[in-house]
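The values are calculated or read from the model by the stated rules, or taken from the named source; none is laboratory data. None of the values given here were measured: they were computed from a predicted structure. When we count neighbours, we look across all protein chains shown, and the Cβ atoms used for this are built from the backbone with ideal geometry, even at glycine. Please note that ligands, DNA and RNA were not included when accessible areas were found on the heavy atoms of the full protein model with its side chains. Shrake-Rupley method; radii C 1.70, N 1.55, O 1.52, S 1.80 Å.
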Amino acid sequence: MAISRLVSLSRKIIKPSSPTPFSHRIHKLSLMDQMGTHTYMPFSFFYPKQDTASSLELTKVSQILEKSLSKVLTAYYPFAGRLRDNSFVECNDMGVDLSQVRIDCPMSSIFNHPRTDIDKLIFPKDPWNPSTGSLIVAQLNHFECGGIILSTCISHKVADGYSMTNFLTDWALVARDSEAKPSPLFNGASVFQPANYSAPPQVADPSLKQNASKRYHFSASKLKALKARSLIPPTTVEAVTAFLCKCANTPTSKPSLFIQAVNLRGTNNDALVPAGLVGNAILPYVASAANEEDLKWQRLIGELRERKEKVRDMLKDIKPEEVLSSRVSELATQINEGTSSNDFSIYRFSSLRKFPFHDINFGWGRPTRVDVATFPVNMFLLLDNQNGDGVEVVVNLEEGEMSVFESNEELLQFASPSSGL
């Protein structure tokens, strides 16, 4: 897509509407934050033109977003600060970046172009090579049809997918109701005590590749049929993840590692890890397959479940800092050794099912599509479809692997390629 079709309208630094109290100026990173990657989480939300929209209302859209972002940053004050080393965020109210651009084409026509070109067009920066500046970088894209795309990049150092969803939901809530008062919890460092030395164990940022990205849809009926094949009733995430593991590999593939993560938060704020905790509260677990026998679907379901339950069992009757102090180095070392070795194919999975992405309504309706930028690693991202009865999977693989994957006959029995609005 020709760069001349994009016109920059504005770039602003949005600061909290009220100054952060001096007592809150230092936000310590938790051990989970310290372990995390330096990349951003790049999501985009597609909102078609409403029947009542006009050019004046489109101007109002930007005003609503700016004003509500300023207000919500008062509650999410660390997001408006700056990261210092791998230790803390200085909550200095320096603000976040919000750009506006006009793209001189209909929103639907961007899908006629390669995914990498779409990413460059609608995202404000390359999310995989983050700077040390703003922890949030957002871009509002106006299309000639009247539709808009809001693209957001939020640093993984201060948020996981759950925290990002809560922030975006609260931002949208404040946009609809200026009297709303979100109350996120920034107590991760007291739950997961940070390392008190200069080089805490970290999961190394993976080497970046030029990947292809495709999207697949599992309908409710296909999910039911897929799960019915299992002798032990699997969850939807277990069934789809194991199925994708199998489809991504062939009998001639080298041994594989499948990396997934479990959300450690409880269902309320009295839990060991509070439901409202903002930051990183996930632990990775790794399943493996060394040969064709290991890639049997039923076996993969069993191992994925077993690995996840081991992580959850660690939390029972043990203080979280004890769990992490005994396990974090082992986890980081295991993942780093595996991902740095050419002896394994590495596949990452992230499930954001049940996260209310499709309910993020700033006052002009729900998004018709939620998407992510192309990941430069082998990554499968699971999302609910708009109706909540099916699963959308964003697949990121190297070009050669993708060509094999998308021609897999078993895959196409249960999943259909998905594109457009």
Efficiency of FRET between Asn291 and Lys222 - r from beta-carbon atoms, R0 25 angstrom, step 0.05: 0.35
State the extension gain, in nm to one decimal, for the chain segment bounded by Ser183 and Lys209, taking 0.36 nm per residue of separation less the distance between their alpha-carbons. 5.5 nm
With a 1.4 Å probe and every protein chain kept in, tell me what percent of the accessible surface of region 6-191 is carbon plus sulfur. 52 percent
Relative counts (whole %) of C-alpha pair distances in region 18-120, using bins that are 10 Å wide: 11, 31, 28, 21, 8, 0
Cut-off 12 Å between beta-carbons: net charge of the residues surrounding Pro233, Lys and Arg +1, Asp and Glu -1: +3
Rounded to the nearest 0.05, what FRET efficiency do His24 and Ser419 give with R0 = 35 Å and r taken as the Cβ-Cβ distance? Could you check? 0.20
With each label point set 7 Å from Cα along the Cα-Cβ vector, what nm distance links Asn92 and Asn408? 4.8 nm
Residues whose placed amide H lies under 5 Å from that of Val372, excluding near-sequence neighbours: Ser44
Tally Lys/Arg at +1 and Asp/Glu at -1 over every other residue whose Cβ is under 10 Å from the Cβ of Gly390; what's the total? -2
So the compactness index of region 96-193, its C-alpha Rg divided by 2.2 N^0.38 Å, takes the value 1.28
Could you provide, to the nearest whole Å², the per residue accessible area of region 10-133 with probe 1.4 Å? 46 Å²
Note down the net charge around Asp160, summing +1 for each Lys or Arg and -1 for each Asp or Glu among other residues with Cβ under 13 Å from its Cβ. +1
Per residue of region 305-310, in order, report the coupling 6.51 cos²θ - 1.76 cosθ + 1.60 (Karplus, θ = phi - 60°) as ³J(HN,Hα) in whole Hz, putting x for Gly and Pro. 5, 4, 5, 5, 5, 5
Quick check on my link table: of Lys209/Lys254; Lys28/Lys209; Lys49/Lys246; Lys125/Lys227; Lys214/Lys254; Lys125/Lys308, which ones sit more than 29 Å apart, alpha carbon to alpha carbon? Lys28/Lys209; Lys49/Lys246; Lys125/Lys227; Lys125/Lys308
How much length is gained if the chain between His38 and Leu231 is pulled fully straight, taking 0.36 nm per residue apart and subtracting their Cα-Cα distance, in nm to one decimal? 65.4 nm
